[in-house]
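Step one of this worksheet: look at the structure below.
The values are calculated or read from the model by the stated rules, or taken from the named source; none is laboratory data. None of these values were measured; they are calculated from a predicted model. Every residue, glycine as well, gets a Cβ built from its backbone with ideal geometry; the counts of neighbours run over all protein chains shown. Keep in mind that these areas ignore ligands, DNA and RNA; they rest on the heavy atoms of the full protein, side chains included. Shrake-Rupley method; radii C 1.70, N 1.55, O 1.52, S 1.80 Å.
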Amino acid sequence: MSSRPAILIARNIFPEVVDKLRQHFEVDTNEADAPLTPAQLAERLQGKVGVLTTGSERVDAALLAACPQLKVVANIAVGYNNFDLPAITAAGVLASNTPDVLTETTADFGFALLMATARRLTESEHFLRAGQWNRWALDMFAGAEVNGSTLGILGMGRIGQAIARRGALGFNMNVIYHNRSRLNAATEAECKARYVDKAELLKSADHLILVLPYSAESHHAIGAAEIAQMKPTATLINIARGGIVDDAALAVALREKRIAAAGLDVFEGEPQVHPDLLTVPNIVLTPHIASATIATRKAMAHLAADNVIAFLTEGKTVTPLNPEVIGQG
Ligand code: DGY
């Protein structure tokens, strides 16, 4: 019987990261990769002091009460709306996420989705694949201009800033943003981004991209009332989290052409997708892959593992969300 601490990796991750963790711990894995129900997660966590989670696993007071031996929860994601952070902190458990390593990759994808949406890539590809292309036409799949247009960014953390740089420097866009707190002047100048209130952002953006964290406050930050304030020619891009957009209201707005198009990588209740979004043509849909390059997903898994190793072997961490619990145990 080993005396090494035991941990769980809640979803399938790269073998090299499992090997790294096995140098320190008894490691339970979920190679089938089926998301665990709360009851299954609690059962698998019995006797474990650490867990690597993804956005599919909820860590809340009920789970913590069922797993009192847990010391560290490491999310393989920068977003952590699957964590009840106050409850985790109250339980004296360390929480970590994976910032920085995915910033540029996610910004690249945000821009890819913006381009695909504005330039109607999937809509035109479906047309071609369906054998409907029988002649060239001047206005065929004419989309919205990207270069030189106004890029609106809602949420101006690391990823928002990386998107702003791409827009301003790469595409000569006029970049405006809204955020809970305004950036300092040096960062605004570096991103070439101008702070505006939310109403101005909605009204002026040719392309509006959402990069804010999900919370009770940001739930349905973009609903029917906000879409009504946007230009009828605008595109809306959500790479943040499902629930920030009211997907049912968006489907109606797209069908009625109240905005031109939308690109969504995240959905309310994903992996379910609102059925009405599947039937509108002016939309680009991707399955929550904004950070999905092999290098970045490996870097995220390594960073989560490094947090667990550093905390359980040395009482330190790399990217803690609640550093106040360090040294409490
Ligand atoms: C993140 O890192 O938050 C991505 O959305 C993956 O979950």
May I ask for the Rg/Rh ratio of region 71-181, computed from Cα atoms with Rh as the Kirkwood radius, given to two decimals? 1.16
Å³ per residue enclosed by the Cα convex hull of region 103-285: 116
At R0 = 51 Å, FRET efficiency that the Cβ-Cβ distance of Arg255 and Glu314 yields, to 0.05: 0.35
Solvent exposure of region 103-285 as accessible area per residue, Å², 1.4 Å probe: 48
For Thr293 and Ala248, extending 7 Å from Cα along the Cα-Cβ vector and measuring point to point gives, in nm, a value of 3.9
What is the antiparallel percent of DSSP beta bridges lying wholly in the chain, to the nearest 5? 5
Would you mind calculating the relative contact order of region 13-99 from Cα pairs under 8 angstrom and at least 6 residues apart, reporting the percent as a whole number? 24
Just to compare against my own numbers: the Cα pair-distance distribution for region 121-203, 10 Å bins, whole % per bin, please. 17, 37, 19, 18, 8, 1
Enumerate by residue number the GluC sites (Glu not before Pro) in region 14-101 meeting two conditions: DSSP loop (anything except H, G, I, E, B), and at most 13 other Cβ atoms within 10 Å of the site's Cβ. Glu31
Below 8 Å between Cα atoms, with a sequence gap of 6+, how large is the relative contact order for the chain in percent? 18
Hey, can you rank 238-248, 106-116 by average C-beta count inside 10 Å, highest first? 238-248, 106-116
Is there a quick way to get the dipole size of the chain? I mean about its Cα centre, with the Cβ of Lys and Arg at +1 and of Asp and Glu at -1; what is the value in debye to the nearest 20? 480
On full extension of the chain, what length is gained from Ala225 through Ala185, given 0.36 nm per residue of separation minus the C-alpha to C-alpha distance? 11.3 nm
Return the whole-Å distance between the Cα centroid of region 251-306 and the Cα centroid of region 1-57. 27
Order of 78-91, 151-164, 134-147 by packing, highest average Cβ count within 10 Å first? 151-164, 78-91, 134-147
If you scale each eigenvalue of the Cα gyration tensor by 5 and take the root, what three semi-axes come out for region 218-301, rounded to whole angstrom and sorted largest first? 25, 13, 12
Tell me, what is a quarter of the convex hull surface for the C-alpha atoms of the chain, in nm² with one decimal? 18.7
Additional length obtainable on full extension of the chain from Ser3 to Lys192, 0.36 nm per residue less Cα span: 62.5 nm
Over region 90-150, what lengths in whole Å, largest first, do the semi-axes of the equivalent ellipsoid take, defined as the square roots of 5 times the eigenvalues of the alpha-carbon gyration tensor? 41, 16, 8
Gain upon complete extension [Glu324, Asp33; 0.36 nm per residue less C-alpha separation]: 101.5 nm
At a threshold of 8 angstrom on Cα-Cα distance, excluding pairs fewer than six apart, so keeping six or more, what relative contact order does region 103-285 reach in percent? 21
Can you report the principal axis dimensions of region 167-261 using only the alpha carbons, biggest first, rounded to whole angstrom? 40, 30, 20
Sequence-distant lysines (8 or more away, or on other chains) whose Cα lies within less than 16 Å of Lys20: Lys298
Have a look at region 1-115 and give its Rg and Dmax from the Cα atoms, expressed in angstrom. 15.2, 56
R0 = 45 Å: FRET efficiency of Arg129 with Lys203, Cβ-based, nearest 0.05? 0.75
